[in-house]
Amino acid sequence: DGVITLFSPGAEAMLGYSAEEMVGKQTPLIYHDFEEVRRRARELSEELGLAVEPGFQTFIAKAQATGLPDEHEWTYVRKDGSSLTVLLTVSVFSDTQGEPRYCGVSTDITRRSQVAAEMSRLAHLDPLTQLPNRRLLHDRIRMAVTQARRENTFLALLMIDLDRFKPVNDHYGHSAGDRLLSAAAERLQSCLR
């Protein structure tokens, strides 16, 4: 029924709650973001073809339906109000009387999530100007063309060129050229989405 029966020292360190504070309490609303639980319940309802209520059922439904461990990323809220990203693995098994029991193991993946977000940012933004790079440009153009075709609308593309930029690099050096590009990027960002 979602009552916590064991709260490990690792969980205490990760969340800032003591085992005494947690054992006997109903999960998940103690350290989960309820909006996230509600979204996952809707996703699982569609995926599994059954009504999954936002609450403890959200965490066990997939493992219960498939008999396999369910892994999903969640945002946990620590006792001090800060948040972390975890990979929660929920397994279902039977006790000696044949009653279902659930074991949730959370692994802090906050750093991994931050690194993934940074890698995505680096893959799509120019490191000097922080403007979208060619890869992102091509992706957005593809999306815009697809949308224009689907909606039978027109599409315009505006190109901007910095005249006489090469002589700045040649005469004043690449660091001056970099400063010029950064200033131009800041001005563009201040007046465009």
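For a quick check, take a GNM of the chain with Cα springs below 10 Å and name the residue from Gly98, Gly16, Gly24 with the largest mean-square fluctuation.
Largest GNM mean-square fluctuation: Gly98.
So for segment 106-193, Kirkwood radius off the Cα pairs, Stokes-Einstein at 37 °C and 0.692 mPa s: how many µm² s⁻¹? Numbers along the way, then the final one.
Values: Rh = 16.1 Å.
Stokes-Einstein gives a translational diffusion coefficient of 204 µm²/s.
Are there GluC sites (Glu not before Pro) in segment 13-70 that DSSP puts in a loop and that have at most 15 other Cβ atoms within 10 Å, and which ones? Spell out each step's value before the answer.
Numbers: sites: Glu20, Glu21, Glu35, Glu36, Glu43, Glu46, Glu47; in loops: none.
In loop regions of segment 13-70 (DSSP not H, G, I, E or B), there are no sparsely surrounded GluC sites (Glu not before Pro).
5 Å is the cut-off here: which amide hydrogens, built 1.01 Å from N in the peptide plane, fall below it relative to His32, excluding neighbours closer than 5 in sequence?
Residues meeting the amide H criterion: Val77.
Of the labelled options (1) 48, 19, 16; (2) 50, 23, 13; (3) 28, 19, 15, which one gives semi-axes √(5λ) of the Cα gyration tensor in Å as computed for this structure?
Label of the calculated value: (2).
Give the Debye-formula value of log10 I(q)/I(0) at each listed q (0.15 Å⁻¹), with one equal scatterer per alpha carbon of segment 16-128, two decimals each.
Reported log10 I(q)/I(0), two decimals: -0.77.
Using the Karplus equation 6.51 cos²θ - 1.76 cosθ + 1.60 (θ = phi - 60°), what ³J(HN,Hα) coupling, rounded to whole Hz, does each residue of segment 98-111 give in order, writing x for Gly and Pro?
Values, residue by residue: x, 7, x, 10, 10, 10, x, 10, 9, 10, 5, 10, 3, 4 Hz.
State in Å² the accessible area per residue of the chain; use a 1.4 Å probe, count heavy atoms of protein chains only, and round to the nearest integer. Don't skip to the answer; put the middle values down first.
Numbers: 13690 Å² over 193 residues.
The answer is 71 Å² per residue.
Springs between alpha-carbon pairs under 10 angstrom, Gaussian network model over the chain: which of Thr107, Thr129, Thr85 fluctuates most?
In this elastic network of the chain, the residue with the biggest mean-square fluctuation among Thr107, Thr129, Thr85 is Thr129.
Quick one: among Ser91, Ser182, Ser113, which has the greatest mean-square fluctuation in a GNM of the chain with alpha-carbon springs under 10 angstrom?
Sorting by GNM fluctuation, first place goes to Ser182.
Within the chain, what whole-number % of the accessible surface is contributed by carbon and sulfur, with the 1.4 Å probe and all protein chains included in the calculation? It would help to have the intermediate numbers written out before the result.
Values: 7530 of 13690 Å².
Ligands and nucleic acids excluded, carbon and sulfur give 55 percent.
Using θ = phi - 60° and the Karplus relation 6.51 cos²θ - 1.76 cosθ + 1.60, list the HN-Hα couplings for segment 36-44 in order, rounded to whole Hz, with x at every Gly or Pro.
5, 5, 4, 4, 5, 4, 5, 4, 5
Using the Karplus curve 6.51 cos²θ - 1.76 cosθ + 1.60 with θ = phi - 60°, what ³J(HN,Hα) values do you get for each residue of segment 76-86, in whole Hz, with x for Gly and Pro?
Result, ordered by residue: 9, 10, 6, 4, 7, x, 6, 10, 8, 9, 10 Hz.
The values are calculated or read from the model by the stated rules, or taken from the named source; none is laboratory data. Owing to the predicted nature of the structure, the values given are computational and were not obtained by experimental measurement. Because the Cβ atoms are built from the backbone with ideal geometry, glycine has one as well, and the counts that use them run over all protein chains shown. Only protein heavy atoms, including side chains, enter the accessible area calculation; ligands, DNA and RNA are left aside. Shrake-Rupley method; radii C 1.70, N 1.55, O 1.52, S 1.80 Å.
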